[in-house]
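Working notes, structure below.
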Amino acid sequence: MVHPEVEEAKWSAYWGDERRVKTSRPEIKVSLYNRPGHGLVAVVVNTSGQELPAEVIVDLAALGHPRPLRARDVLTDAEVPFSDGRLRAVLPSLGFLIVHAQHQ
């Protein structure tokens, strides 16, 4: 049985939802599970052969988030800068970041 919270989450893949989620560079990809009104989990990947600054631009209103979200790195629990619908991080070559963002 699937947990009800998981069933509420909607998948947005890096190849198909640029109206609501996009990145600042073509080498940076992002896919996410979105739970409107609660939060989201994003996987951000640097597909290049060099360290790059990554910016993920999220249309929070279109995803059902009327309030700001606070983001944390799932693996380290460090806070990740996320304001005005923009998540920022520096990713190593072929590196990734898993972010959990919830309402403040």
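Normalised Debye scattering of the chain at q = 0.20, 0.24 Å⁻¹ gives log10 I(q)/I(0) of -1.00, -1.39, counting only Cα atoms as equal scatterers and leaving out solvent. Footprinting exposure proxy ranking of His38, His103, fewest other C-beta atoms within 10 angstrom first, gives His103, His38. Under the combined filter of DSSP loop state and at most 16 neighbouring Cβ atoms within 10 Å, the chain retains these chymotrypsin sites (Phe, Trp or Tyr not before Pro): Trp15.
With neighbours defined as other Cβ atoms within 10 Å of a residue's Cβ, the residues Thr23, Thr47 order from fewest to most as Thr47, Thr23. This model, with +1 at the C-beta of Lys and Arg and -1 at the C-beta of Asp and Glu, gives the chain a dipole about its Cα centre of some 220 debye.
Here, each number is a calculation from the coordinates, and none is a lab measurement. Keep in mind it's a predicted model, so treat the numbers as computed, not measured. Neighbour counts are summed over all protein chains in view; Cβ atoms, including those assigned to glycine, are modelled from backbone coordinates with ideal geometry.
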